[in-house]
Amino acid sequence: MIPAPSKRPFNFPTPAEALGFFCHPTLSPFTRPFVHNGTLCAANGYAAIRLDRFNGDAGALEDAPFAFLQRFYTLPWDRFEEDGREWRDIDLSRGTIYRGDLLPLWIPDGKGHAFTQDKLVLTAGGPLVPLALLQLLARLPRPELRMCSTYFASPLLVRFKGGEAIVAPRFPDPVRAKVEIAFHLFKPKSGPLLPGGLI
């Protein structure tokens with residue numbers, strides 16, 4: 001079952017059930033959340049999340065299998081410790097993120113379900129992120145996005161009270177692929193280094 005989209009915020013501590021929203025409908029081993037060393041984790045091939053503080057029983061979840069951990073920990077979790085980049089508060093843009101309809105993260109495609117590519121948003125000077133995923137991330141408690149250094153190629157780092165998430169740069173350069181951008185969320189400040197001012 002695919003959870004229905006909503007704009008109702010998750011309480012803090014984040015309920016363990018919230019991780020079900022970040023799972024893949026059919027792709028093993030990403031169809032359910034796991035626990036690893038006391039941390040709850042989930043992924044779907046496009047985004048990954050881990051909760052250090054949560055509401056629920058970690059004992060109710062299975063230990064993460066090697067196939068899951070092997071891919072989960074190839075993501076750049078260590079970048080959360082780096083200094084020097086600006087973080088932006090998602091709550092300041094909730095009106096923009098929820099201005100239109102609530103969008104589903106998964107679309108039936110004849111083979112099962114595909115990750116949505118509707119309404120791609122250029123986010124934090126980095127990757128294109130479907131608006132549906134931004135609507136989900138905005139539900140996390142006190143979420144913030146880290147400004148990126150490379151258009152379309154940087155992963156998007158998201159920190160929130162009690163956990164962290166990473167969104168992979170899975171969508172192409174929109175100029176070459178002729179992809180329409182719905183809007184920009186958190187534009188980089190002007191600067192001398194690159195067009196668009198990535199500083």
Which numbered condition Leu185 misses (of (1) loosely packed, with under 13 Cβ neighbours inside 10 Å; (2) under 19 Å from Trp87 (Cβ atoms)): (1)
Can you name the residue in segment 146-165 that is of a type in the set (Lys, Arg) and part of a strand (DSSP E or B) and is also nearest to Lys178 (Cα to Cα) among such residues? Arg146
Does Pro127 fit the bill of being within 26 Å of Thr14 (Cα to Cα) and surrounded by 20 or more Cβ atoms within 10 Å (Cβ to Cβ)? yes
Reported set for segment 150-177 where residues are among the charged types (D, E, K, R) and more than 15 Å from the chain's Cα centre (by Cα) is Asp173, Arg176
Checking Arg85 against (1) surrounded by 17 or more Cβ atoms within 10 Å (Cβ to Cβ); (2) at pLDDT below 95: exactly one of these is not met. Which one? (1)
Checked against (1) open to solvent by 10 Å² or more (accessible area, probe 1.4 Å); (2) aliphatic (A, V, I, L, M); (3) farther than 27 Å from Asp52 by Cα; (4) under 14 Å from the mean Cα position of the chain (by Cα), Ala114 satisfies every condition except (4)
Give the number of residues within segment 17-70 that are within 22 Å of Gly112 (Cα to Cα) and in a strand (DSSP E or B). 4
So Thr74 passes all but one of these: (1) open to solvent by 50 Å² or more (accessible area, probe 1.4 Å); (2) out of contact with any Asp or Glu (no Cβ under 9 Å at 6 or more places or on another chain); (3) over 22 Å from Thr31 (Cα atoms); (4) not in a helix (DSSP H, G or I). Which condition number does it fail? (3)
It is to be established whether one or more residues within segment 22-32 are β-branched (Val, Ile, Thr), surrounded by 13 or more Cβ atoms within 10 Å (Cβ to Cβ) and touching a helix residue (DSSP H, G or I) at 6+ places or on another chain (Cβ under 8 Å). no
Please go through segment 49-71 and give me each residue that is open to solvent by less than 50 Å² (accessible area, probe 1.4 Å) and closer than 23 Å to Ser154 by Cβ, ordered by number. Ile49, Arg50
Out of segment 166-182, which residues are surrounded by fewer than 18 Cβ atoms within 10 Å (Cβ to Cβ) and in a strand (DSSP E or B)? Ile181, Ala182
Would you call Leu102 in contact with a helix residue (DSSP H, G or I) (Cβ under 7 Å, 6 or more places away or on another chain) and part of a loop (DSSP other than H, G, I, E, B)? yes
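The values are calculated or read from the model by the stated rules, or taken from the named source; none is laboratory data. Quantities reported herein were computed from a predicted structural model and do not represent experimental measurements. Note that each Cβ is placed from the backbone with ideal geometry, even for glycine, and that neighbours are counted across all protein chains shown. Side chains are part of the model used for accessible areas, which takes the heavy atoms of the whole protein and leaves out ligands, DNA and RNA. Shrake-Rupley method; radii C 1.70, N 1.55, O 1.52, S 1.80 Å.
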